[in-house]
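The values are calculated or read from the model by the stated rules, or taken from the named source; none is laboratory data. Everything numeric here is computed off the predicted structure, so don't read it as measured data. A quick note on method: Cβ atoms are made from the backbone with ideal geometry, for glycine too, and the neighbour counts reach across all protein chains shown.
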Amino acid sequence: MLNVSIAGAAGKMGQRIGVLALDNPQIKLVGAFERSGHEAVGMDFGEIAGIGKTGVILMDNVAQTLENAQVVIDFTSPESTLNNLRLCGEHNTAFVIGTTGLSAAQTSKVESYGKKIPVVLAPNMSVGVNLLLKILADVARALGDDYDVEIIEAHHRLKKDAPSGTALKMANVIAEALSRNLDEVSVLCRSGMIGERRKRDIGIQTIRAGDIVGEHTVLFGGLGERIEIAHKASSRDTFARGALRAALWLQDKPAGIYDMQDVLGLK
């Protein structure tokens, strides 16, 4: 039985992770926490999630929720994630990060904690997306420079970071397969008289609307044909299940930084 605590447990993702954790016979939900001052602090997690009382009380004392936890799952904000990771490092608690929007400096900080505790860091916990990442590298290498690469991502109106972490990961995978420096070839928006498309560009276009859970399409455009590879998530449970799978996989792993490719055995 794996003891799990959830950061940002009152949020939509946190609620789904908690509900699915309670339904998983391999997992025991031992903690749920939110930022200090959150209106839900002190409430039973089950009442927040609409499933009735569970006996797990939402707290704002992170350290206290770590007393019995073996793994923390965090889908919050970059700042909160780093603070929670610091506390997990002090308590020798494994950590699963689904938070996106981390800067290069923040990612470097996360990596430093990988010397103390095992950490899964992944911009997308979906099994399907992570299979797609493996396929994209093979497709890009096969097509080479003769096909233009464009990535279109769509999410709900409340998502704060853009492009999505998944779109950036896809772009990085493709850039590496094509021996390109993404910082030099990425195009995040187009407007006005931009001239002809540069041959080695990798375009990433963003859509934010309504309640779209997450959609990503990679377009390889050649002369006379195009290839489109897409993934569409219809429920947050897709990511929640992946996060719980990552948490279970982390049991007894040595300190280090891992991703969903490791979790799924795709490396």
A careful count of residues in the range 53-69 that are out of contact with any Cys (no Cβ under 8 Å at 6 or more places or on another chain), assigned to a loop (DSSP other than H, G, I, E, B) and more than 15 Å from ALA21 (Cα to Cα) gives 4
Considering only residues of the range 238-252 that are of a type in the set (D, E, K, R) and surrounded by 15 or more Cβ atoms within 10 Å (Cβ to Cβ), which is nearest to MET1 (Cα to Cα)?
ARG245
How do the pairs read when you match residues in the range 45-70 that are among the hydroxyl-bearing types (Ser, Thr, Tyr) with residues anywhere that are not in a loop (DSSP other than H, G, I, E, B), using Cβ under 7 Å and keeping only pairs 6 or more apart or on different chains?
THR54/LEU22; THR54/ASP44; THR54/PHE45; THR54/GLY46; THR65/SER5; THR65/GLY31; THR65/PHE33; THR65/MET59
In the range 65-92, which residue that is in contact with a strand residue (DSSP E or B) (Cβ under 6 Å, 6 or more places away or on another chain), closer than 19 Å to ASP259 by Cα and of a type in the set (S, T, N, Q) is surrounded by the fewest Cβ atoms within 10 Å (Cβ to Cβ)?
GLN70
Any idea which of LEU182, LEU178, LEU244 is assigned by TED's automatic domain parsing to the domain that holds ILE97, modelled with pLDDT of 95 or more and either out of contact with any Leu (no Cβ under 7 Å at 6 or more places or on another chain) or not charged (D, E, K, R) (or both)?
LEU244
Of all residues in the range 17-40, which are modelled with pLDDT of 95 or more and either assigned to a helix (DSSP H, G or I) or of a type in the set (A, V, I, L, M) (or both)?
ILE17, GLY18, VAL19, LEU20, ALA21, LEU22, ASP23, ILE27, LEU29, VAL30, ALA32
Among the residues of the range 102-109, is any on the phi > 0 side of the Ramachandran plot and modelled with pLDDT of 95 or more?
no
Filter the range 13-49 for residues that are of a type in the set (D, E, K, R), buried (at least 16 other Cβ atoms within 10 Å of the Cβ) and over 22 Å from ASP252 (Cα atoms) and give the result.
ARG16, GLU34, ARG35, ASP44
Hey, among GLU215, GLU196, which residue is of a type in the set (Asp, Glu) and outside any loop (DSSP other than H, G, I, E, B)?
GLU215
From (1) in contact with a helix residue (DSSP H, G or I) (Cβ under 8 Å, 6 or more places away or on another chain); (2) within 21 Å of ARG245 (Cα to Cα); (3) of a type outside the set (Phe, Trp, Tyr); (4) not in a loop (DSSP other than H, G, I, E, B), pick out the condition that doesn't hold for GLY14.
(1)
Name the residue, out of THR54, THR107, that is within 29 Å of ILE229 (Cβ to Cβ), of a type in the set (S, T, N, Q) and surrounded by fewer than 19 Cβ atoms within 10 Å (Cβ to Cβ).
THR107
Looking at the range 201-221, is at least one residue of a type in the set (Lys, Arg) and either in the same structural domain as ALA142 (by TED's automatic domain parsing) or under 19 Å from ALA140 (Cβ atoms) (or both)?
yes
The residue that is nearest to the chain's Cα centre (by Cα), considering only those in the range 218-267 that are part of a strand (DSSP E or B) and among the basic types (Lys, Arg), is LYS232
Given the conditions (1) touching a Ser or Thr at 6+ places or on another chain (Cβ under 7 Å); (2) closer than 15 Å to LEU250 by Cβ, and given that PRO78 satisfies all but one, which numbered condition is not satisfied?
(2)
